1. Multiply the residue separation of GLU353 and ASP271 by 0.36 nm, subtract the distance between their alpha-carbon atoms, and state the gained length in nm to one decimal.
2. Please give, to one decimal in nm, the separation of the simple spin-label points placed at ALA241 and MET47, each 7 Å out from Cα toward the Cβ.
3. Positive end of the charge dipole of region 10-68 (Lys, Arg +1 and Asp, Glu -1 on Cβ, about the Cα centre): tell me which of VAL53, GLY38, ILE19 has its Cα farthest that way.
4. Hey, can you rank 69-76, 54-61, 117-124, 239-246 by average C-beta count inside 10 Å, highest first?
5. Students often get this wrong, so check it: of LYS168/LYS263; LYS300/LYS331; LYS263/LYS331; LYS167/LYS263; LYS132/LYS168, which have C-alpha atoms separated by over 23 Å?
6. Considering only protein heavy atoms and a probe of 1.4 Å, how much of the accessible area of region 240-301 is carbon and sulfur, as a whole percent?
7. Kindly report the accessible area of region 230-359 per residue (heavy atoms of protein chains, probe 1.4 Å, no ligands, DNA or RNA), in Å².
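The values are calculated or read from the model by the stated rules, or taken from the named source; none is laboratory data. Values in this document were obtained by computation on a predicted structure and should not be read as measured data. Neighbour counts are summed over all protein chains in view; Cβ atoms, including those assigned to glycine, are modelled from backbone coordinates with ideal geometry. We work out accessible area using only protein heavy atoms, side chains counted, and drop any ligands, DNA or RNA first. Shrake-Rupley method; radii C 1.70, N 1.55, O 1.52, S 1.80 Å.
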Amino acid sequence: SLYTLRNVPAFYSHLLELIAGSRRSEETRRFLLALTSGYGGAPPIEMRAHDSVVYVGDMLAFCFRSFSVEADVARGLLNYVPEEEEEHDASKQEEKEDVTLAEEEPDLAMEKPITGVEMLAQSMGGVSRPLKARVLHVISSLSRRNDEDDESDDGMDVEEEGASTRKKLSQLYEICGLLLFYASAVGKTTSKLEAGEVASVDEAAERNPLLSVMLECLEEASNAFEASLRVYCAMLEHLHAVTGDSEASLARSMVSQIVEVRKASPGFATDVECPAAVGQTLSLNWVCDTIIEAALPACKSLDDTVLLRRSVAAAKEADLSSEVGAALETKLQERETGLIDVLVEEETSDVLELCGLGPLVS
């Protein structure tokens, strides 16, 4: 029926918009049902709300599956061609005549039918708002410090606070990876509807509300990660004073967690496009440079510099660039040289004191 109505653009366009509106209502209903009651035999997604990463991952996975289905529906409706083409010449001639007649009647050809990308954007537009609200709520809760949470225990010691902060930072980074992965997948699916034309993620987001919401959440998560990491770096001295762990040890723990998350997350793979707005903040270069620069001035022994060197070595196995790695190694070498000079001076003074030659040093 749709294939036949192509010769009447006004009716054809109106019917496509009705179908897109119906699909929009259905997909929104399914998503809300999956969140609260479960869908397709799966448990409710909000049952996993206590696990931030799993919660966000389940929502994004459900939205992407629905997006893929809607993309196939749009492709099938708009690109359908009947299999019966026995009388090629005659049928082609009739199609040309019909199209010519439709073009000659301005009343029928006034309205241009919506494209597959436009239909897909309209079908999935209703899911964008509830998805955005929930993801931003998760990001907000992870970026909140423990002392800002009314439900946190007043007696929580600083050691637990440091571990909790590192956990929240790694979860924020993992959520960024999930958003990167699914944004890239949605962008590639959208490109398939555009006759193979490959567009960047930012360009595809202009025509797709779901992808636009994912990028907005990604930018918000990236900003929250940046702010939380800077707060953690500022807390190193305080955590050291209370827990007894050196600043270098605390920095190494943070770098190790970020590296592990980056290795395991598909969103940080080399074939996944990262938007320019968040590329620097989510890069391992910026993370390692920020953490090690904060811990380096507090290094008081060679053991501390060794810990930081191990952090740089672990980051190199992930995605740390050779230039940043070499720069950090140079700074660590300079710090080690200064510590060795101080150590030699102190040991020399002690030996001279034991020999009774202490006054010679002064």
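1. Roughly 23.2 nm would be gained on extension.
2. 4.7
3. The residue sitting most towards the positive pole is ILE19.
4. Top to bottom by mean Cβ count within 10 Å: 117-124, 54-61, 69-76, 239-246.
5. Too far apart for the 23 Å limit: LYS263/LYS331.
6. 50
7. In whole numbers, region 230-359 has 52 Å² accessible per residue.
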